[in-house]
Amino acid sequence: MRKPEFVSAILVINAGSSSIKFALYPTAEPLVSILRGRISRIGLSGSNLQFKSSRDNENKTLALKLVDRGSAGTFLIDWLTEQDYFASIRALGHRVVHGMSHILPELVTEQVVEELRRISPCDPEHMPREIELIEAFRQRHPEIPQIVCFDTAFHAKMPRVAKLLAIPRRFADKGIQRYGFHGLSYAYLMEELRRLADPAAAKGCVILAHLGSGASLAAVRDGQSIDTSMGFTPASGLPMSSRSGDLDPGLMSYLVNSEHMSPSQFHHMINSESGLLGISETSDDMQDLLDKEASDIRCAEAVALFCYQVKKWIGAFAAALGGIDTLVFTGGIGANSPVIRSRICEGLAFLGVELEDSCNEKGEPIISSSAGRVMIRIVHTDEELMLARALIDEISI
């Protein structure tokens, strides 16, 4: 084993529904990753580990056979432990999707793990897997302190009217309300706007569009989240890769009666069989659908529905904000698909949203037309960097 190049480093883990991203950073500025990678397509064919280190700056890929997230977590810990960088790690940070009333980063203790288990029914798609990964690291490397950062924290100060659900008030007393997600991504985007000296970051109206396999929008005024498309769980809001987004609540009782569907079957349907996959009956990948839309009406309708719903949310948030100064696209779809950005912005000139087609096609940082009133930006989000910053702030190393 080679001697580590850094005396002190931190590791951050960002576990999603079908992937696990990770990054290693030095504990001193500048926070530039030493090692970065992801395990993709967990439980599917073509699962792999992709990584790049600052040592050789080459993208590398390992093909894997991973049947579930448990085996992915075990593999990741084994692989990381074998890297000479691992001896430098002084602390470990995790993105936790749902925090309910938890806002600030917290040091992992047995009490914190029990609390995460208590609130895990709020997001059974993510929370149990995140807890498993935290526990696996605790078991294998108890000497490394761990910190959890909550993806709901960015929206914690939303106005009460934006949090309320129109169900009996007694449920609100139990913490059932709209929370919102993608908070680490949104926090990064707002920091980037401040770094870029966009005046709307500090005092203005901003709509942030995080469009990926999970997708949501946030309305931000004067740097503060005032509304977001996701609600009590990440299954709400926009239709996503395999999540339904918002549905008529009467649909569940109808399917229970007409299709004899159980609650667990309904949950599986709205999280794993719906969205782009459900409409297209073909794929949950946007690029796959774009490639096939000319010859398959199902794929065309899935793409059209996604763009239409994003457009509607932009209009709704423009109303909530009283206008738009800046629109930001990020996420795997938002930052990388010119055609989706174009279709979303089409017809929004009345709000001042106008694309410069050539800039959009090239994926330039600013893609708005000089004729438009709204600054339209592409920003590649970095949730791992936000985790690293929080980790350094929380632990004295």
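The values are calculated or read from the model by the stated rules, or taken from the named source; none is laboratory data. Every value quoted in this text rests on a predicted model; they were computed, and no experiment measured them. A quick note on method: Cβ atoms are made from the backbone with ideal geometry, for glycine too, and the neighbour counts reach across all protein chains shown. Note: accessible area is taken over every heavy atom of the protein model, side chains too, but ligands, DNA and RNA are not part of it. Shrake-Rupley method; radii C 1.70, N 1.55, O 1.52, S 1.80 Å.
Working only within region 339-355, note down all residues that are of a type in the set (A, V, I, L, M) and either surrounded by 21 or more Cβ atoms within 10 Å (Cβ to Cβ) or not in a loop (DSSP other than H, G, I, E, B) (or both). Break it down stepwise before answering.
Quick first cut of region 339-355, residues of a type in the set (A, V, I, L, M) only: 339-340, 344, 348-349, 351, 353, 355.
Hits for region 339-355 are VAL339, ILE340, ILE344, ALA349, LEU351, VAL353, LEU355.
Can you confirm whether VAL7 is at pLDDT below 80 and assigned to a loop (DSSP other than H, G, I, E, B)?
yes
Condition first: polar (S, T, N, Q) and either under 21 Å from SER40 (Cα atoms) or open to solvent by less than 90 Å² (accessible area, probe 1.4 Å) (or both). Now tell me which residues in region 246-303 satisfy that.
Of everything in region 246-303, those that are polar (S, T, N, Q) and either under 21 Å from SER40 (Cα atoms) or open to solvent by less than 90 Å² (accessible area, probe 1.4 Å) (or both) turn out to be SER253, SER258, SER262, SER264, ASN271, SER272, SER274, SER280, THR282, SER283, GLN287.
Do you know which of the residues in region 28-71 that are modelled with pLDDT of 90 or more and among the basic types (Lys, Arg) is nearest to PRO128 (Cα to Cα)?
Taking the candidates together, the pick is ARG38.
Of everything in region 122-149, what is among the hydrophobic types (A, V, I, L, M, F, W, C) and not in a helix (DSSP H, G or I)? Give them in sequence order.
Passing the criteria: ILE144, ILE147, VAL148, CYS149.
For every residue, the table says whether it meets (1) part of a helix (DSSP H, G or I); (2) in contact (Cβ under 8 Å) with a residue 40 or more places away in the chain; (3) of a type outside the set (D, E, K, R).
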{"site": "ALA162", "(1), (2), (3)": "yes, yes, yes"}
{"site": "LEU165", "(1), (2), (3)": "no, yes, yes"}
{"site": "LYS174", "(1), (2), (3)": "no, no, no"}
{"site": "GLN177", "(1), (2), (3)": "no, yes, yes"}
{"site": "SER185", "(1), (2), (3)": "yes, yes, yes"}
{"site": "LEU189", "(1), (2), (3)": "yes, yes, yes"}
{"site": "ALA200", "(1), (2), (3)": "yes, yes, yes"}
{"site": "ILE207", "(1), (2), (3)": "no, yes, yes"}
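So which residues in region 61-99 are over 23 Å from ALA28 (Cβ atoms), of a type in the set (A, V, I, L, M, F, W, C) and either in contact with a Leu (Cβ under 9 Å, 6 or more places away or on another chain) or surrounded by fewer than 18 Cβ atoms within 10 Å (Cβ to Cβ) (or both)?
Matches in region 61-99: LEU62, ALA63, LEU64, LEU66, VAL67, ALA72, PHE75, LEU76, ILE77, TRP79, VAL96.
Which members of region 301-332 meet the condition of being polar (S, T, N, Q) and under 19 Å from GLN287 (Cα atoms)? Give the steps one after another, and end with the answer.
First, the residues of region 301-332 that are polar (S, T, N, Q): 309, 326, 330.
GLN309, THR330 - these are the residues of region 301-332 that are polar (S, T, N, Q) and under 19 Å from GLN287 (Cα atoms).
When the residues of region 107-129 are filtered to those that are among the acidic types (Asp, Glu) and touching a residue at least 60 places away in the same chain (Cβ under 8 Å), which remaining residue is least open to solvent (accessible area, probe 1.4 Å)? First the steps, then the outcome.
As a first pass, look at region 107-129 and keep what is among the acidic types (Asp, Glu): 110, 114-115, 123, 125.
Okay, now just the ones that are also touching a residue at least 60 places away in the same chain (Cβ under 8 Å), so 123, 125.
Numbers: ASP123: 6, GLU125: 38 Å².
That would be ASP123.
Consider PHE181 against the criteria (1) among the aromatic types (Phe, Trp, Tyr); (2) part of a helix (DSSP H, G or I); (3) modelled with pLDDT of 95 or more: it satisfies all of them except one. Which criterion is unmet?
PHE181 satisfies all of (1) among the aromatic types (Phe, Trp, Tyr); (2) part of a helix (DSSP H, G or I); (3) modelled with pLDDT of 95 or more except (2).
Quickly run through region 185-223 and pick out the residues that are open to solvent by less than 30 Å² (accessible area, probe 1.4 Å) and within 19 Å of SER337 (Cβ to Cβ).
SER185, LEU189, ILE207, LEU208, ALA209, HIS210, LEU211, GLY212, GLY214, ALA215, SER216, LEU217
Being at pLDDT below 95 and either of a type outside the set (Gly, Ala, Ser) or at positive phi (or both) is the filter here; which residues of region 199-227 pass it?
PRO199, LYS203
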